[in-house]
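The values are calculated or read from the model by the stated rules, or taken from the named source; none is laboratory data. It should be emphasised that the depicted structure is a prediction, and the values quoted were computed from it without experimental measurement. Ideal geometry is used to build each Cβ from the backbone, glycine not excepted, and the neighbour counts take in all protein chains shown. For the accessible areas, the whole protein counts, side chains as well, though only heavy atoms, and no ligand, DNA or RNA atoms are used. Shrake-Rupley method; radii C 1.70, N 1.55, O 1.52, S 1.80 Å.
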Amino acid sequence: MRKFIRDTGLLWLILHGLTMPVFGQSLAESPAPQGQRSAMPDQAKWEGVRAPLAALIEEAERNNPQIIAAKHGWRAATQVSSQVSTLPDPQFTVQQFAVGSPRPFAGFTNSDFAYIGFGISQDLPYPGKLRLRGEVAKRDAEVERDRVEATRRLVIERLKAAYFQLAY
């Protein structure tokens with residue numbers, strides 16, 4: 001019962017938002033009779049007004065936060081394949097070794113064992129692993145695309161159920 005009340009309340013808000021531009025003015029702009037405040041519409045005023053189901057579905061597809069989040073997740077997943085199929089970043093190192101004093105670069109003049117070392121290293125994965133990682137990431141992106149479609153269908157199903165329950 002709570003779900004039905006929540007869905008019908010959401011549907012009423014969507015209907016209210018879609019039907020108001022048809023009349024040309026919102027409730028806040030409509031003139032109120034003298035001595036009365038028109039904060040909420042009367043039930044009799046909205047009895048004959050119906051929004052087409054296609055317009056409600058279009059509105060839900062554009063503004064539903066679940067659908068928007070799923071689309072953002074899919075867009076992010078499409079970018080992962082290029083990231084995982086490239087070589088890792090190279091690593092640069094600088095190392096100094098001084099003998100005798102804890103101060104940096106202190107023992108270079110009096111010791112043969114003091115040195116400064118520079119290095120670079122690059123991880124090279126086994127041949128074919130980067131390509132396989134890219135393919136796995138592309139398949140994950142396809143799964144995310146299917147998840148977007150499943151979320152969209154679920155939202156539309158709930159909207160249709162609330163619409164027809166309200167119409168009944």
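Of the residues 91, 95, which is modelled with pLDDT of 75 or more, open to solvent by 100 Å² or more (accessible area, probe 1.4 Å) and closer than 30 Å to residue 128 by Cβ?
Result of the check over 91, 95: 91.
Restricting to the stretch 111-142, give me the number of residues that are in a loop (DSSP other than H, G, I, E, B) and either closer than 22 Å to residue 74 by Cβ or aliphatic (A, V, I, L, M) (or both).
Number satisfying all stated conditions: 2.
Name, by its number, the condition in (1) charged (D, E, K, R); (2) farther than 28 Å from residue 61 by Cβ; (3) part of a helix (DSSP H, G or I) that does not hold for residue 89.
So residue 89 meets the others, but not (3).
Identify the single condition in (1) of a type outside the set (Val, Ile, Thr); (2) at pLDDT 55 or above; (3) touching a Ser or Thr at 6+ places or on another chain (Cβ under 9 Å) that residue 27 does not satisfy, given that it satisfies every other one.
Exception for residue 27: condition (2).
From the list 47, 58, which one is closer than 30 Å to residue 156 by Cα and either of a type in the set (Lys, Arg) or modelled with pLDDT of 65 or more (or both)?
After applying the criteria, what remains is 58.
Restricting the search to the stretch 115-153, which residues are farther than 17 Å from residue 80 by Cβ, touching a residue at least 24 places away in the same chain (Cβ under 8 Å) and aliphatic (A, V, I, L, M)?
Just the residues of the stretch 115-153 that are farther than 17 Å from residue 80 by Cβ, to begin with: 115-124, 126-128, 149-153.
If we keep only those that are touching a residue at least 24 places away in the same chain (Cβ under 8 Å) as well, we get 117-124, 151-152.
Passing the criteria: 120, 124.
For residue 115, indicate whether it is closer than 30 Å to residue 99 by Cα and either open to solvent by 80 Å² or more (accessible area, probe 1.4 Å) or under 16 Å from the mean Cα position of the chain (by Cα) (or both).
So residue 115 passes the test.
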